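These notes concern the structure reproduced below.
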Amino acid sequence: MPEDDGSKKQASGEGYHLKESETMAGTAEFRDGAFAFITDGSVALRELGHYGAAPPIPNGESAITALTPGAGRKKIYGATSGKKSHLFYYDPSPAAEHVVDIGVLGEDAECWILAADANGVLHGIVNPGGRVFSYDPRGEFSVIWKYEVKPIEFPGVELGEDAACGVVEPESGKIYAVGRKSSALFEVDIRPKSVRRLAEIEGAGKSNAVVLGGHGNIFGSCRNGHVFRFAIASDSLEILDLQLPSPKGMEFLNHLDSAVCGEQGTIFAGTTLGTIFRLEPAALKVTGYGRPVSDHRIRALTLGKDGVVYGAAGSPGKNSHLFRWDPRTGEVKDLGLPMVHFPKNWVCYDISALATGPNGEIYIGESERISNLMIYYPPAKTAIE
C-alpha cells in the first residue's frame with residue numbers, strides 16, 4: 001500500500017520527532033532507551049508538613065536549599081528559601097514519620113548554610129545581610145499526632161553582606177563564611193557575638209562552597225579556579241598551585257560548587273561548570289572525573305554509607321539528575337530524575353541540597369515554588385554464594 005502525501009510530510013516535518021516520542025511512550029523501547037527516571041533503587045516523597053499535626057510550609061516558601069543530619073543522624077534538618085525562609089526537621093521514626101516546621105528565619109530570604117556542631121546544635125546563615133542563627137534541638141520531640149520545637153536563636157550577629165558559602169567547625173561551633181560581595185573570609189563566633197574578617201580572597205565570593213579538609217584547614221576556590229587553603233590555627237592563607245578541572249580557556253568561569261570531606265581527609269567536590277574531582281590535601285593533588293551529565297553545576301554532594309558519593313547535577317531551571325560516584329573504582333553513574341507515584345505523582349526536576357540519613361538513605365531537597373523532601377534508597381547489596 002503506497003504512502004499518502006500526509007504521512008511523508010509528517011515524517012519530514014518539524015514536529016515529527018515529538019510525535020515519534022509520544023508513540024514510543026510506555027513501550028519497552030521507550031523504557032530502555034528514553035526513560036530518564038531513577039530505576040536503580042527506589043524513591044519516596046514526604047510533604048513539608050503533616051496535616052492535623054504540623055502545618056505544611058506554604059508554596060512559594062518551600063524550596064529546600066540546605067539539608068544536614070542532626071545529632072546521631074536521627075533527624076534530618078533543613079532550610080527553605082522564598083517569600084519566607086523556614087527551618088524544619090524530618091523525623092523518620094515510626095512514631096512520627098513527618099516534617100515539622102520549626103519556624104521562620106526571615107522574609108524574602110534564602111538559607112544555603114546549615115550544619116550541626118559536635119553537640120548537635122545547628123548553626124546557619126540567612127540572607128540578605130548574612131544574618132546568623134542557631135537552634136538547639138535538645139528537648140524537642142514529635143509523635144504522629146503532636147510535636148514540640150525549641151526557639152530559633154538570633155544572637156544579633158551578621159556579616160553585613162550576603163554569605164556566598166560557609167562551613168561550621170564542629171568542635172567550636174564557629175562558622176567560616178565567604179562574603180558574596182567582598183570575597184572576604186569571615187569567622188563568626190556566636191558566644192562572644194564576634195565577627196572577624198580573616199582574609200580577602202579574590203574571586204572566592206563567586207563560589208558556592210568551602211570545605212573543612214581536616215587538620216584545621218579550609219579549602220575553597222578563588223580567581224581563575226585556583227584552590228586556596230586557610231589554616232585556622234595560624235590565620236594564614238595560601239593560594240595553592242592547583243586549579244579546578246576545567247575546559248581549556250574557561251578557568252575564569254569555574255568555581256567550587258559543592259564539596260564533602262571523606263574519613264581519610266580526601267575531598268570530593270564539584271564545580272560550577274559541572275565537573276567532579278577529588279582533592280588529596282596531603283599530596284596536593286587534584287584528579288578530575290569529568291561531567292556526570294551534559295550540563296553545568298554540581299549543586300550538592302553527600303557521602304553515602306555504601307562507600308560512594310552521591311550528587312545532584314544540573315543547572316537551576318533545568319533537569320537535576322542524581323548520580324553516584326564510586327571513588328574506589330572511579331565509576332560515575334547517572335541515576336536519573338527522582339520520580340514517585342505515591343502519595344502523589346511527582347517528578348523532582350530541581351535539586352539544591354542532599355544529606356545522608358541514619359540507614360544510608362539519601363535525602364533530596366527539591367527547590368521549586370512547590371517543593372517536597374524526597375528520599376532515595378540505594379539498592380540493597382546481595383551476596384551470591
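Taking label positions 7 Å along the Cα-Cβ direction at both D108 and E280, the computed distance is 5.0 nm, reported to one decimal.
Considering only Cα-Cα distances, which of the following residue pairs are longer than 32 Å: K181/K318; K193/K305; K84/K181? In this structure, K193/K305 lie more than 32 Å apart at Cα.
Please report how far the C-alpha centroid of the range 279-331 lies from that of the range 207-266, rounded to the nearest whole angstrom. That distance is 15 Å. Remark: R328, R197, R297 ranked as R328, R197, R297, counting other beta-carbon atoms within 10 Å and listing the fewest first. Under the convention that each Lys and Arg Cβ holds +1 and each Asp and Glu Cβ holds -1, the size of the dipole of the chain around its Cα centre is about 500 debye. If you take the square roots of the eigenvalues of the alpha-carbon gyration tensor of the range 40-377 and sort them as a ≥ b ≥ c, do you get rounded (a/c under 1.5), prolate (a/b over b/c) or oblate? Oblate. Straightening the chain between T329 and I152 buys 59.4 nm, computed as 0.36 nm per residue apart minus the Cα-Cα spacing. Looking only at Y147, Y349, Y310, which one moves most when the chain is put into a Gaussian network model with springs between Cα atoms under 10 Å? Looking only at Y147, Y349, Y310, the largest GNM fluctuation is found for Y147.
When the Cα positions of G214, Y147, L279 are compared along the charge dipole of the chain, G214 comes out farthest toward the positive end, with charges on each C-beta of Lys, Arg, Asp and Glu. When Lys and Arg each count +1 and Asp and Glu each count -1, what net charge do the other residues less than 9 Å away from V168, Cβ to Cβ, add up to? After counting each charged neighbour, the total is -1. Using the Cβ-Cβ distance between V143 and A71 with R0 set to 25 Å, the FRET efficiency works out to roughly 0.85. Checking the cross-link pairs K75/K150; K75/K146; K74/K174 against a 20 Å limit on the alpha carbon distance flags K74/K174 as lying beyond it.
The amide H of L48, built 1.01 Å from its N in the peptide plane, has I57, L373 as neighbours under 5 Å, considering only residues 5 or more places off or on other chains. In the chain, the DSSP-assigned H stretches of four residues or longer account for a calculated mean residue ellipticity at 222 nm of -1500 deg cm²/dmol, using -39500 (n - 2.57) per stretch and the full residue count as denominator. Considering only I102, W325, L159, and ranking their Cα positions along the charge dipole of the chain that arises from unit charges at the beta-carbon of Lys, Arg, Asp and Glu, the one farthest toward the positive end is L159.
Provide the FRET efficiency to the nearest 0.05 for the R197-H341 pair, computing r from the beta carbons and using R0 = 35 Å.
That pair, R197 with H341, gives E of 0.10.
Extension gain for the segment M250 to N224, taken as residue separation times 0.36 nm less the Cα-Cα distance, is 8.5 nm to one decimal.
Only the coordinates and a few stated rules stand behind these numbers; no lab work does. In this text, all values refer to a predicted model and were calculated from it rather than measured experimentally. All Cβ positions, even for glycine, are placed from backbone atoms using ideal geometry, and neighbour counts span all protein chains on display.
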